1. What strands (runs of 3 or more DSSP E) lie completely within region 86-189 and have 3 or more residues being surrounded by 22 or more Cβ atoms within 10 Å (Cβ to Cβ) and within 12 Å of the chain's Cα centre (by Cα)?
2. Could you give every pair whose Cβ atoms fall below 6 Å, whose first residue belongs to region 104-128 and is free of Cβ contacts under 8 Å to residues at least 24 places away in the same chain, and whose second residue is of a type in the set (Lys, Arg) and assigned to a strand (DSSP E or B), counting only separations of at least 6 or pairs across chains?
3. Give the residue, chosen from 72, 9, 14, that is without any contact (Cβ under 8 Å) to a residue 12 or more places away in the chain and buried (at least 17 other Cβ atoms within 10 Å of the Cβ).
4. Determine, yes or no, whether residue 58 is over 15 Å from residue 135 (Cα atoms) and either among the β-branched types (Val, Ile, Thr) or out of contact with any helix residue (DSSP H, G or I) (no Cβ under 6 Å at 6 or more places or on another chain) (or both).
5. Would you check which residues across region 198-213 are in a loop (DSSP other than H, G, I, E, B), over 15 Å from the mean Cα position of the chain (by Cα) and either closer than 14 Å to residue 169 by Cβ or in contact (Cβ under 8 Å) with a residue 40 or more places away in the chain (or both) and list them?
6. For the subset of region 230-250 comprising residues that are surrounded by 19 or more Cβ atoms within 10 Å (Cβ to Cβ) and either under 22 Å from the mean Cα position of the chain (by Cα) or among the hydroxyl-bearing types (Ser, Thr, Tyr) (or both), which member is farthest from residue 113 (Cα to Cα)?
7. Can you confirm whether residue 197 is modelled with pLDDT of 95 or more and either farther than 21 Å from residue 319 by Cβ or not assigned by TED's automatic domain parsing to the domain that holds residue 169 (or both)?
8. Give the number of residues within region 187-197 that are closer than 19 Å to residue 116 by Cβ and in contact (Cβ under 8 Å) with a residue 40 or more places away in the chain.
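The values are calculated or read from the model by the stated rules, or taken from the named source; none is laboratory data. Treat the numbers as computed from the prediction; the structure is a model and nothing was measured. Because the Cβ atoms are built from the backbone with ideal geometry, glycine has one as well, and the counts that use them run over all protein chains shown.
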Amino acid sequence: MTKVDIKSLDYQELQAYVAGLGEKSFRGKQIYQWMHEKLAESYDEMSNLSKALRTRLEGETVFTVLKPVQVLTSALDGTQKYLFELEDGNVIESVLMKYKHGNSVCISSQVGCRMGCRFCASTIGGLNRNLTPAEMLEQVYRIQRSSGERVSNLVVMGTGEPLDNYDNLLKFIRMLSDDHGLNISQRNITVSTCGIVPNIHRLALEDLQITLALSLHASNQEKRKQLMPIANKYALPQVLEACRSYFEKTGRRLTFEYSLVGGVNDSQEDARELSGLVGDLNCHVNLIPVNPVKERDYVQPDSGVVQAFKNKLEKNGINVTIRREMGRDIDGACGQLRRKYLNTHFC
């Protein structure tokens with residue numbers, strides 16, 4: 001018998017499942033509350049359920065709970081990086097960042113990644129598998145329970161390409177923002193993509209209020225192809241047209257992520273070209289001085305180059321910020337902690 005992934009069932013699906021067990025409907029509400037509001041780690045915590053029901057659930061369902069195998073705290077800014085072990089032995093990473101406006105969690109959407117971006121540690125080793133809605137939710141739940149503080153903002157920018165795990169991502173967003181769960185506002189959820197054009201168009205029709213962040217990282221098609229293999233499949237004009245469509249259908253301002261790589265895409269000409277590329281869009285450009293990855297040759301530009309790039313964009317009327325670096329001393333870049341763990345334990 002295939003076990004039911006109970007934490008990946010949305011509220012209506014859980015009600016139907018519980019009814020199929022011959023239980024009264026309020027039991028479904030109780031179970032959902034325990035999992036998605038009280039963040040229970042086992043059926044044993046569900047004290048208002050009968051022992052017989054808990055035993056049956058244990059036998060018929062998979063109750064996903066992520067196990068933290070490593071938690072690192074930055075001495076620089078208090079950022080915490082979590083390495084979680086999944087049921088099958090795979091590991092994923094998540095990050096808790098504390099700001100004045102609230103706590104933000106960055107989660108992974110896949111084990112590994114197949115996008116192959118040249119400057120990213122997440123893609124080294126390729127894609128292992130997609131994460132389930134439960135495994136994505138659990139990253140938020142374990143961090144909120146261990147920190148004892150509410151998570152108010154969520155970014156899907158960890159390991160993996162979220163739009164390559166489309167259906168599970170959509171279910172995760174809807175469950176996380178549902179008022180039966182943590183009820184995190186969709187306006188406080190950001191999903192990053194390297195530019196899977198068909199799924200950007202699909203996302204625009206989902207009636208969501210999330211922010212779409214496009215990993216742009218280059219000011220022209222040729223340079224983007226050098227940094228991001230996905231550009232060989234979806235050309236930059238196609239990607240930008242999908243972004244325009246997303247804004248037109250949702251009214252949500254776009255974010256463009258631009259990793260500054262020393263000597264590669266950080267020149268004044270790059271800044272001028274980028275201004276022309278996105279200047280007609282309702283957008284915000286987030287400049288990210290690249291985190292050095294030991295398996296790659298790319299380096300971070302010096303601060304003067306970064307500031308000059310920002311100034312050039314601003315002079316051309318672009319809304320731009322330089323992302324504050326978080327967790328630099330604890331392998332803060334996507335995929336670095338997981339990579340170090342795998343190298344240590346399996347090599």
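1. Passing ranges, in order: 91-99.
2. From region 104-128, no pairs qualify.
3. 9
4. When the stated conditions are applied, residue 58 does not pass them.
5. Selection gives 205, 206, 208, 209.
6. Top of the filtered list is 250.
7. Criteria met by residue 197.
8. 4
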